[in-house]
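For reference, the structure is listed below as structure tokens.
The values are calculated or read from the model by the stated rules, or taken from the named source; none is laboratory data. Please read all numbers here as calculations on a predicted model, not as lab measurements. Neighbour counts are summed over all protein chains in view; Cβ atoms, including those assigned to glycine, are modelled from backbone coordinates with ideal geometry.
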Amino acid sequence: MKLSSRINLTRLFVECDLVEQAIIHLNTAQSHYLSSVLRKKKGSELLLFNGRDGGFLCKVEAFNKRCFSVYCKQKILSQITSPDLWILFVPIKRIRMDFMVQKVTELGASKIWPVQSEFGQVKQIKYDKFRAYIIEAAEQTERLDLPEIGDFVKLQTVLESWPSDRTLIVCDETKTEKNEARPMTVLSGSKLRKAAILIGPEGGFSKKERKQLKSFPFTEHISLGPRILRSDTAAIAALSIFQANYGDWYSFPSSANAKLENR
């Protein structure tokens, strides 16, 4: 299938297994979306993915406003995974946090991990909302996998059980002065094969937290420039810098490419 044809396909995430010649019954919300919003009819084509089996070209077999049944014609995309890159952040106000979750999914984070900080104001995470925004972002960006969502626990707890082979890049708002600024691009690429990026709360980490972060051998403190960025902006900027220099923006190993099969 040509790339231009694939881009125009409606993409939907499903939980069930996907195999060729299977009949898939979509849920009520998906069926309503296809019938009332997109006006899909019998014979319409779409692409289904579940995060593990690849992408399947499907055709609407039967439909009404409450239930669409689709036939899996052919697997056209092999399953690929995003770079092994985590994003940790202290939750912020809901609208901006929802935006952040969508954007870091689009940018290819493999794990989204909200953590509790001394200066954090959000006390509870709605995981169902997180997952809904993640799925929506994956459907819109041709991503075939979904990032994992980490448990909302204290930053100290996370650090105490941190895997020693994963570099934690701390976006440090205290390092904005010329002599203190240290860009992410000075880091060794070999140390970033397994990496995570930590975004602090509005107002920054407490003195105790900054001291603790600097005490661990797996942390690297970097600056995101001369301006103090809001948390959602910082997350997008940091992920963009990482993906452009160490991630998958400009390098596509053959083993990680989606293999298009002739239709």
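Going by the conditions given, is residue 89 in the same structural domain as residue 143 (by TED's automatic domain parsing) and crowded, with 19+ Cβ neighbours inside 10 Å?
The answer is yes for residue 89.
Only one of these is touching a Pro at 6+ places or on another chain (Cβ under 8 Å) and at pLDDT 95 or above: 135, 112. Name it.
After applying the criteria, what remains is 112.
So, of the residues in the range 176-226 that are among the charged types (D, E, K, R) and either outside the structural domain of residue 110 (by TED's automatic domain parsing) or touching a strand residue (DSSP E or B) at 6+ places or on another chain (Cβ under 6 Å) (or both), which turns out to be modelled with the lowest pLDDT?
191
Restricting to the range 37-82, name every residue that is within 30 Å of residue 124 (Cβ to Cβ) and crowded, with 21+ Cβ neighbours inside 10 Å.
Hit for the range 37-82 is 82, nothing else.
Of all the helices (runs of 4 or more DSSP H) wholly in the range 71-172, which have at least 2 residues that are closer than 24 Å to residue 49 by Cβ and among the small types (Gly, Ala, Ser)?
127-140
Do we find that residue 126 is at pLDDT 95 or above and more than 27 Å from residue 165 (Cβ to Cβ) in this structure?
No: the conditions fail for residue 126.
Mind counting the residues in the range 115-147 that are crowded, with 16+ Cβ neighbours inside 10 Å, among the small types (Gly, Ala, Ser) and under 20 Å from the mean Cα position of the chain (by Cα)?
Looking only at that region, the number is 2.
Working carefully through the options 55, 150, find the one that is under 26 Å from residue 249 (Cβ atoms) and under 16 Å from the mean Cα position of the chain (by Cα).
When all the criteria are applied, what remains is 150.
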